[in-house]
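Step one of this worksheet: look at the structure below.
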Amino acid sequence: MMGTLNELTIAYDEKKIIGLLSGTGGASDLFLGILENMEKSTDNVFSSENPLVLVEKIIDVLDSL
């Protein structure tokens, strides 16, 4: 889990679009809460329990760039 959190923080710091598959019980379920507790922006972080919904959200963001 520590490796995943490290990768997520690097991607976040580099302002990459991050997709989190929630409900897995791993780092993805914790990351949004960590950002919110630190009062960090979550504008580039997207989460869903449904993989198809998550991919659609990310595609919509990429299409708008």
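Please treat every number below as a calculation from the coordinates, not as lab data. Values in this document were obtained by computation on a predicted structure and should not be read as measured data. Positions of Cβ are generated from backbone atoms using ideal geometry, with glycine treated the same way; all protein chains shown enter the neighbour counts.
Pairs of Cα atoms nearer than 8 Å and 6+ residues apart set the relative contact order; for the chain it is 32 percent. Helical content alone sets the calculated 222 nm signal of the chain at -18000 deg cm²/dmol, taking -39,500 (n - 2.57) per DSSP H segment of four or more residues and averaging over every residue.
Around residue 22, under 13 Å between beta carbons, what's the net of Lys plus Arg minus Asp minus Glu among the other residues? Net charge around residue 22: -1. Electrostatic bookkeeping for residue 55 treats Lys and Arg as +1 and Asp and Glu as -1; over the other residues with beta carbon under 14 Å from its beta carbon, the sum is -3. Rounded to the nearest 20, the Cβ-based charge dipole of the stretch 2-64 about its Cα centre (Lys and Arg +1, Asp and Glu -1) stands at 100 debye.
Rounded to 0.05, the FRET efficiency of the residue 29 and residue 52 pair, given R0 = 25 Å and the Cβ-Cβ distance, is 0.85.
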